[in-house]
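Worksheet: the structure to be examined is printed underneath.
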Amino acid sequence: MRPGTASYNALHRIRRRSVRVPVSQEVSCECAHGELRKGKAINLGSGGVCTLLAASEHFDVNARIQIEFLLPHTLNSVRTGARIAWRSLISEGQGRAQDSQATGVEFRDLPVDYQSLLHEYVLTRFISTESLLKGRGIVEVMNHIRNLRPSERLRYYHLLIRRTTFLACR
């Protein structure tokens, strides 16, 4: 299965515990022995991120790393421990100038402040993007909201209700 195909997206959506939104952000990944690798985040969720790295700079699955990136549309830098959950080679012929490695990164020990920032960014962006809400998107958002702390849950339910009411009235 290749990233971007329907079967690939469905499989990874089932495995995820949080919704993801498309992004285009630079990321820095640091190995256990201190080697720094740069890549690009292509989707982001409160539980992890999918990055593109040069194929020659891949990480082993289950490797522990430190990842750092700017939260899109903010000046907040997020740095946390992470685990490589999966990886998949994307060859030149799939719209890339060179072979690259799609890498699923699961956040570990994410500080509560960062968790809140990521929840807010991801849910707000997901709910405000009509194409993401189509199909099973609304079910994914509802499942994600159910897993939030009660103090955050009501706020996102109201945001979702306002957004879906707006879409229904158009």
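Amide H of Thr80 versus every other amide H placed in the peptide plane: which residues, excluding those fewer than 5 positions away on the same chain, fall under 5 Å?
Here Ile67 satisfy the definition.
Kirkwood Rh, Cα Rg: Rg to Rh for the range 24-107?
Rg divided by Rh gives 0.95.
Grab every C-alpha pair in the range 29-71, bin the distances at 10 angstrom width from 0 up to the longest one, and report whole percents.
All Cα pairs, binned at 10 Å, distribute as 24, 63, 13 percent.
In sequence order, what are the phi-derived ³J(HN,Hα) couplings for the range 79-86 according to the Karplus relation 6.51 cos²θ - 1.76 cosθ + 1.60 with θ = phi - 60°, rounded to whole Hz, with x for glycine and proline?
So the Karplus estimates, Gly and Pro as x, are 10, 7, x, 8, 10, 6, 8, 6 Hz.
Scan the range 14-81 for trypsin sites (Lys or Arg not before Pro) in coil per DSSP, keeping those whose Cβ has at most 10 other Cβ atoms within 10 Å, and list them by number.
Of the trypsin sites (Lys or Arg not before Pro), not one in the loops of the range 14-81 has a Cβ with at most 10 other Cβ atoms within 10 Å.
Rank the residues Cys31, Cys169 as a footprinting-exposure proxy: fewest other Cβ atoms within 10 Å of their Cβ go first.
Result, fewest neighbours first: Cys169, Cys31.
Determine the principal axes of the Cα atoms in the range 27-170, then give the extent along each, sorted from largest to smallest and rounded to whole angstroms.
Cα extents, longest axis first: 50, 37, 26 Å.
Using a 10 Å cut-off around each Cβ, can you sort Ile65, Ile138 from fewest to most neighbouring Cβ atoms?
Ile138, Ile65
Applying a 10 Å radius around every beta-carbon, put 48-60, 149-161 in order of their mean neighbour count, most first.
So the order, starting with the most tightly packed, is 48-60, 149-161.
Given N residues in the range 76-160, what is its alpha carbon radius of gyration divided by 2.2 N^0.38 Å?
1.36
None of the figures in this text is laboratory data; all of them are computed from the coordinates on show. Everything quoted here is computed from the prediction, not taken from an experiment. Cβ sites come from the backbone with ideal geometry, for glycine too, and all protein chains shown count toward neighbours.
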